[in-house]
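Got a structure for you, written out below as structure tokens; questions coming shortly.
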Amino acid sequence: MKSKKNLTRFTYENSAFEGWRLSLSKKGTSFMRYFPDKKFGTGKKSLAAAEKTLVELRALLDGGKLVDGKLSASTIKKAQKLLADAV
């Protein structure tokens, strides 16, 4: 499996972690979450969860309020909650 925009595949031979990392920056704020294969069962399932979360996060951030050219605190909190609750 190859990495995609905002999604990076991590496979370490000497470590127990294998999975996907979602990383997105918008208006000076970065958002990141790992989707381990171990939690989701397979690489395809963890990728599907990461892609679904990425779509939801992009929609939230595109419709989010801006304050002085930056994301508002409420939009950032909503995005962090979305990432924390991602399944």
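The values are calculated or read from the model by the stated rules, or taken from the named source; none is laboratory data. Since the structure is predicted, the reported quantities are computational estimates derived from the model, not experimental observations. Here the Cβ positions follow ideal geometry from the backbone for every residue, glycine too, while neighbour counts run over all protein chains shown.
Going through the stretch 77-87 one residue at a time, which ones are exposed (fewer than 10 other Cβ atoms within 10 Å of the Cβ) and in a loop (DSSP other than H, G, I, E, B)?
Of everything in the stretch 77-87, just one residue is exposed (fewer than 10 other Cβ atoms within 10 Å of the Cβ) and in a loop (DSSP other than H, G, I, E, B), namely Val87.
Mind listing whichever residues of the stretch 55-75 are buried (at least 16 other Cβ atoms within 10 Å of the Cβ) and under 26 Å from Phe40 (Cβ atoms)?
Leu57, Leu60, Leu61
A further question follows. Determine if the stretch 36-44 includes at least one residue that is modelled with pLDDT under 90, β-branched (Val, Ile, Thr) and out of contact with any helix residue (DSSP H, G or I) (no Cβ under 6 Å at 6 or more places or on another chain).
no
What number of residues in the stretch 25-49 are over 29 Å from Gly69 (Cβ atoms) and crowded, with 18+ Cβ neighbours inside 10 Å?
6
I've got another one for you. Tally up the residues in the stretch 35-53 that are farther than 15 Å from Lys4 by Cβ and of a type in the set (Phe, Trp, Tyr), please.
1
Next question. Of all residues being surrounded by 15 or more Cβ atoms within 10 Å (Cβ to Cβ) and either out of contact with any Gly (no Cβ under 9 Å at 6 or more places or on another chain) or among the polar types (S, T, N, Q) (or both) in the stretch 9-22, which is nearest to Ala79 (Cα to Cα)? Just the residue, please.
Here the residue is Leu22.
Now for a separate question. Name the strands (runs of 3 or more DSSP E) wholly within the stretch 1-76 that hold at least 3 residues that are touching a Phe, Trp or Tyr at 6+ places or on another chain (Cβ under 7 Å) and not β-branched (Val, Ile, Thr)?
7-11, 18-26
While we're here: Can you say whether Lys52 is surrounded by 12 or more Cβ atoms within 10 Å (Cβ to Cβ) and not hydrophobic (A, V, I, L, M, F, W, C), as far as the supplied structure shows?
yes
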